[in-house]
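Some notes on the structure that comes next.
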Amino acid sequence: MHLEMTTACNFRCDFCPLVELQRPASRLEYSLIEQILSECAEHRLTNRVAFHLMGEALLHPQCMDVLRLCRRYRMRTRLVTNGALYRDEKYRELFDLVDTLDISFRTVDDMEVQQVQEKLTFDEYLDRVVAAVDLRAAIVPFRPHSKRPGRIPDVGKHLSLRLF
Ligand code: SF4
């Protein structure tokens, strides 16, 4: 099941219909999300919830509470974020709560990022994404027999190529 927690987003990517749709910035009430999850669990409709489509789920003030709720209902979760809202403590909690976190890195140029979030430069945005990748790699060490060993550190290394 896909749940769009909020229509709000701090980015305005060229390819995204978010702007053209002109929907008011709005979010699902926690009580409604709880009802949806409870009915899904009760009727065994799904045990997987993905928070993406449009909107930046981390802008929802109760995003972490919703993820806790999913855990209580034993639902596996996937959340897609643009990574711009990286904060160390928040992401530690996030990595603990979510089963799969996708950082949908916007490979836009500096001007485009500033266009969508005036106070964030492209370099600052990139730093946040790299910090999130590094944090993930630090708190969840890769097992030697993993099928894709070192995948996340490799991404971090790749992103750091901009320094050369
Ligand atoms: S970050 Fe995602 S939701 Fe936001 S504008 Fe870009 S593609 Fe759309």
Original post:
If you scan region 89-101, which residues turn out to be under 16 Å from Ala131 (Cβ atoms) and either in contact with an Asp or Glu (Cβ under 7 Å, 6 or more places away or on another chain) or not hydroxyl-bearing (Ser, Thr, Tyr) (or both)?
Top reply: Glu89, Lys90, Arg92, Glu93, Leu94, Phe95, Leu101
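Give the residue that is nearest to the ligand (Cβ to nearest atom), with candidates limited to residues of region 1-10 that are in a loop (DSSP other than H, G, I, E, B) and of a type outside the set (A, V, I, L, M, F, W, C).
Per the criteria, the residue is Asn10.
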Original post:
In region 13-65, which residues are touching a residue at least 40 places away in the same chain (Cβ under 8 Å) and in contact with a Leu (Cβ under 9 Å, 6 or more places away or on another chain)?
Top reply: Val49, Ala50, Phe51, His52, Leu53, Met54, Gly55, Glu56, Ala57, Leu59, His60, Cys63
**OP:** Starting from region 76-91, keep only residues that are at pLDDT below 95, then list their pairs with residues that are aromatic (Phe, Trp, Tyr) and in a helix (DSSP H, G or I) whose Cβ atoms are within a distance under 6 Å, requiring at least 6 positions of separation or different chains.
**Re:** Ala84/Tyr125
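Among the residues of region 53-71, are any acidic (Asp, Glu), in contact with a helix residue (DSSP H, G or I) (Cβ under 7 Å, 6 or more places away or on another chain) and on the phi < 0 side of the Ramachandran plot?
Yes, some residue in region 53-71 is acidic (Asp, Glu), in contact with a helix residue (DSSP H, G or I) (Cβ under 7 Å, 6 or more places away or on another chain) and on the phi < 0 side of the Ramachandran plot.
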Original post:
For region 21-57, which residues satisfy the criterion of being within 16 Å of the ligand (Cβ to nearest atom), among the aliphatic types (A, V, I, L, M), over 9 Å from Thr6 (Cα atoms) and surrounded by 11 or more Cβ atoms within 10 Å (Cβ to Cβ)?
Top reply: Ala50, Leu53
Subject >> Complete set of residues in region 111-121 that are surrounded by 13 or more Cβ atoms within 10 Å (Cβ to Cβ) and either modelled with pLDDT of 90 or more or not in a loop (DSSP other than H, G, I, E, B) (or both) >> reply: Glu112, Val113, Gln114, Gln115, Val116
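The values are calculated or read from the model by the stated rules, or taken from the named source; none is laboratory data. In this text the structure is predicted, and so the values were computed from the model without any measurement. Virtual Cβ from ideal backbone geometry, glycine too; neighbours counted across all protein chains shown.
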